[in-house]
């Protein structure tokens, strides 16, 4: 059960902080669809078989034997991918579904709607085709029709909660499946652990002039400045095969993106048969309908993670083009300016889904100040400064970020609740007013940036948010009362549905 404690910030009992939770042992449940293996199985039969398979894996003590079983059991790879793909979320949890089933039973409500098949149900949940009460109804209906035995029920809940509990690490599963896919496609795809991506360090605020000091300029190859975008980092591999070029998209940590069909088509339009292999580095952005110059980070994050639904209107803003061998090594010999020339020839004029980020050569501190003033005036996320040096696949002071606002990832430690009047009904409803994170050992309450639906959902089931990662945007660190470190003007930039940031 969740432990409750009165808020440290108020004695109002309607505002409660949820601080931790123990694992709740849930009843078990189960499904139904037709899968092709040696015989045709219903979803119920499939889950029964999956339960037996998990028990077999659990009884195997050798790691190598476990790997062999997972690799050879291709009949269950479709479900394993949907469970362990780090970019997929079901957006519902077993506890919430059980509560919904109990509520519907008490009200005597039933549904005659035919249930989804297992894979179709998971795809609809991850793509948000099903959400809110519609998702709860669909999962409950599936359970009613297909989960009859205890083994079926148990396996269903484990699938929904994305944990089969078979004593095999998620890393092992994803790598084995990725390895199998790359072998089938005859591609030299990089494992996530070998992604050597260029990352920026933060410029020291107020000391940017030192970059253009006389001593610094003496041996400096020069600097370039560009707009810092508020999108999702995307690394693109363009590789040659006997059948032509293959294009694959990854996050900076090596997780595949499967929703960039329109970007792929735009890249292919610019490819020539003789083009060698290369890597593009950039950000996928979604722009606001009411302000086409303003990026919508949450929209980009939500859309790029869908598995079977292409992003509707992505814009891939590219800032570097690296020789694939140099990317593999994490270092090279081609300076930034020469890579930009190659990139410009490759991309050409801006397209709807593919553009090159404009780089401005900065020969003096005054030129930097002009660009920074433009950044502030136009409401940009900030600036990225790049030294005109060969590629470095690591965090380096040869690439600096200059930001008016800072972002940081935090683990949610607790929540605060209170009554809020609903704008549509006028009803006073218990919602999450703030979530609590820890900054340098001190609790910080953050309330701005959450939707009403999120506030309601997290108040109903705090386990949906406590322990998960959120990205908090803030203006600067403050001393607080008595010198206690806190954050000025914090707001929620992104909420992630797991204990690890997915991309």
Out of all the residues in region 171-179, is one or more surrounded by 15 or more Cβ atoms within 10 Å (Cβ to Cβ) and modelled with pLDDT of 85 or more?
no
What strands (runs of 3 or more DSSP E) completely inside region 308-364 contain at least 3 residues that are closer than 20 Å to residue 199 by Cβ, touching a strand residue (DSSP E or B) at 6+ places or on another chain (Cβ under 6 Å) and without any contact (Cβ under 8 Å) to a residue 12 or more places away in the chain?
none
Of the residues 96, 162, 89, only one is out of contact with any strand residue (DSSP E or B) (no Cβ under 8 Å at 6 or more places or on another chain), modelled with pLDDT of 90 or more and in a loop (DSSP other than H, G, I, E, B); which?
162
Return a yes/no flag: does region 450-470 have any residue that is surrounded by fewer than 20 Cβ atoms within 10 Å (Cβ to Cβ), at pLDDT below 90 and part of a loop (DSSP other than H, G, I, E, B).
yes
Kindly indicate which of 332, 348 is surrounded by fewer than 20 Cβ atoms within 10 Å (Cβ to Cβ) and on the phi > 0 side of the Ramachandran plot.
348
Filter region 385-412 down to residues that are outside any strand (DSSP E or B) and in contact with a helix residue (DSSP H, G or I) (Cβ under 8 Å, 6 or more places away or on another chain) and give me whichever is surrounded by the fewest Cβ atoms within 10 Å (Cβ to Cβ).
404
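Give the residue that is farthest from residue 341 (Cα to Cα), with candidates limited to residues of region 365-384 that are in contact with a helix residue (DSSP H, G or I) (Cβ under 7 Å, 6 or more places away or on another chain) and assigned to a strand (DSSP E or B).
382
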Restricting to region 100-143, name every residue that is touching a residue at least 40 places away in the same chain (Cβ under 8 Å) and over 29 Å from residue 75 (Cβ atoms).
100, 101, 131, 132, 136
Within region 240-279, take every residue that is within 25 Å of the chain's Cα centre (by Cα) and farther than 25 Å from residue 309 by Cβ and give me the one that is surrounded by the most Cβ atoms within 10 Å (Cβ to Cβ).
279
Tally, over region 298-312, of residues that are buried (at least 20 other Cβ atoms within 10 Å of the Cβ) and modelled with pLDDT of 85 or more
5
Residues 83, 17, 29: which one is outside any loop (DSSP other than H, G, I, E, B) and at pLDDT below 50?
17
I'm trying to understand the selection: among the residues of region 247-274, which are touching a strand residue (DSSP E or B) at 6+ places or on another chain (Cβ under 7 Å) and in a loop (DSSP other than H, G, I, E, B)?
251, 252, 260, 271
Take the residues in region 70-98 that are under 17 Å from the mean Cα position of the chain (by Cα) and more than 19 Å from residue 152 (Cα to Cα), then tell me which one is surrounded by the most Cβ atoms within 10 Å (Cβ to Cβ).
88
Any chance region 229-240 includes a residue that's at pLDDT below 90, out of contact with any helix residue (DSSP H, G or I) (no Cβ under 9 Å at 6 or more places or on another chain) and assigned by the TED database to the domain that holds residue 309?
yes
Working carefully through the options 334, 384, 347, find the one that is in the same structural domain as residue 205 (by the TED database), within 23 Å of the chain's Cα centre (by Cα) and at pLDDT 90 or above.
384
Candidates 452, 465, 415 - the one that is within 26 Å of residue 94 (Cβ to Cβ), in contact with a helix residue (DSSP H, G or I) (Cβ under 7 Å, 6 or more places away or on another chain) and free of Cβ contacts under 8 Å to residues at least 60 places away in the same chain:
465
Report whether or not residue 417 is out of contact with any strand residue (DSSP E or B) (no Cβ under 6 Å at 6 or more places or on another chain) and not assigned by the TED database to the domain that holds residue 213.
no
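The values are calculated or read from the model by the stated rules, or taken from the named source; none is laboratory data. Computed from a predicted structure; not experimentally measured. Neighbour counts run over all protein chains shown; Cβ positions are idealised from the backbone, glycine included.
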